[in-house]
Amino acid sequence: MALGRNRRRDRGMDYWPGFVDALATLLLAIMFLLTVFVLAQFILSREISGKDEVLNRLNSQIAELTQLLALEKSGKQDLEDTLASLQSSLTVSESERSRLQQLLDAGAGTSDAANLRVGRLTQELDSEKQVSQRAMSQIELLNQQIAALRAQIAAVEEALQASEARDQNSQVKIADLGRRLNVALAQRVQELNRYRSDFFGRLREILSDRENIRIVGDRFVFQSEVLFPSGGNELNPEGEVEMAKLAGALLDLAKEIPPEINWVLRVDGHTDDVPLRGSGRYADNWELSAGRAISVVKYLISKGVPSNRLVAAGFGEYQPIAEGDSAEARAQNRRIELKLTER
């Protein structure tokens, strides 16, 4: 080094090597400082990280302690509530003990009455047991009777089934008899219709062909003016003549009709709708129509027609054959109808 300096001195002042040495020294110092700073930073970060972990542990411990404190406070409150409840129960128990002591003191003097009551209750219980025993006996008897009734019901059901079988056979026979009866009745009706036609035919022949004597359906109709005076029920001479002809035709027909046909001649009296004044023999048209029908029946009986073959009926003004209140309509409604029918 000295040799080098001497040579430099010999050549002149050269500052560059010193500058380089200074610069190198500065760099080494800076590197040393940076190394020291990095190490310090590393150590400091390690310390800070450790402190953070410690702080977190402390925070968690504080939180746990806080929860434990809250639980302790809650437990304390529960204990206080329990203590208050126990004190209240103790007070109630003491009052109940006092009341029971009073009852015991009061009941000590009535023990004899209680014993007597117990005796009566025991007797009543014995009586109830006896009644219950009798009831059980009756129930047993009723069960036996029910069993007997069930046996009787079973027998009745068997008899009913047998009766139903017989009834079914009877129904078949009845149906057959009904069919035969309907056939016989139809034959009777046809036969009676034939005699009715003959009867009406004979009446046409023997009665004069007049407008006030006509056939309407299955009835022979006489206008009342032909047979009766106005407002009366006694046959006039002209009506007696017509009824005498009718009686003769009816007697001739009675000889031809077989005795098994139970026929009758129904005589129906009808009036118009003009009310009666009430001052005469009849109070209303009901009585007048019935009286005229009865007069015809009695006259036919007087001519030999059997009374059991005649029927009289009065309809008043309630079965008109002509509507309206004209003189012609009222004249048609005032009539005597004859119908040959079965009884």
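The values are calculated or read from the model by the stated rules, or taken from the named source; none is laboratory data. These numbers come from a predicted model, not from an experiment. Cβ coordinates were reconstructed from backbone atoms using ideal geometry, including for glycine residues, and neighbour counts include every protein chain displayed. Protein only, heavy atoms only, side chains kept; ligands, DNA and RNA dropped before computing areas. Shrake-Rupley method; radii C 1.70, N 1.55, O 1.52, S 1.80 Å.
Going by the structure shown, is G248 part of a helix (DSSP H, G or I) and surrounded by 14 or more Cβ atoms within 10 Å (Cβ to Cβ)?
Considered against the rule, which asks whether it is part of a helix (DSSP H, G or I) and surrounded by 14 or more Cβ atoms within 10 Å (Cβ to Cβ), G248 comes out as yes.
Condition check: at pLDDT 80 or above and either exposed (fewer than 15 other Cβ atoms within 10 Å of the Cβ) or not hydrophobic (A, V, I, L, M, F, W, C) (or both). Does G201 satisfy that?
no
Conditions (1) free of Cβ contacts under 8 Å to residues at least 12 places away in the same chain; (2) over 23 Å from G217 (Cβ atoms), marked per residue:
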| site | (1), (2) |
| --- | --- |
| V267 | no, no |
| H270 | no, no |
| W286 | no, yes |
| S307 | yes, yes |
| G314 | no, no |
| G324 | yes, no |
| Q332 | no, no |
| I336 | no, no |
| R343 | no, no |
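Which one is modelled with the highest pLDDT, of the residues in region 219-277 that are of a type in the set (S, T, N, Q) and within 16 Å of R330 (Cα to Cα)?
Here the residue is T271.
Confirm whether S295 is open to solvent by less than 60 Å² (accessible area, probe 1.4 Å), touching a residue at least 60 places away in the same chain (Cβ under 8 Å) and in a helix (DSSP H, G or I).
So S295 passes the test.
Which of (1) charged (D, E, K, R); (2) touching a Phe, Trp or Tyr at 6+ places or on another chain (Cβ under 9 Å); (3) at pLDDT 90 or above does K339 not meet, given it meets every other one?
So the condition that K339 fails would be (3).
Checking the conditions here, which among E342, E328 is out of contact with any Cys (no Cβ under 8 Å at 6 or more places or on another chain) and more than 25 Å from G232 (Cβ to Cβ)?
Answer to the check: E342.
Looking only at region 251-275, count every residue that is open to solvent by 30 Å² or more (accessible area, probe 1.4 Å), within 60 Å of the chain's Cα centre (by Cα) and not charged (D, E, K, R) and tell me the total.
Total meeting the criteria: 4.
Does R188 meet the test of being at pLDDT below 80, closer than 30 Å to V264 by Cβ and either loosely packed, with under 10 Cβ neighbours inside 10 Å or in contact with a strand residue (DSSP E or B) (Cβ under 8 Å, 6 or more places away or on another chain) (or both)?
Judged against the criteria, R188 is a match.
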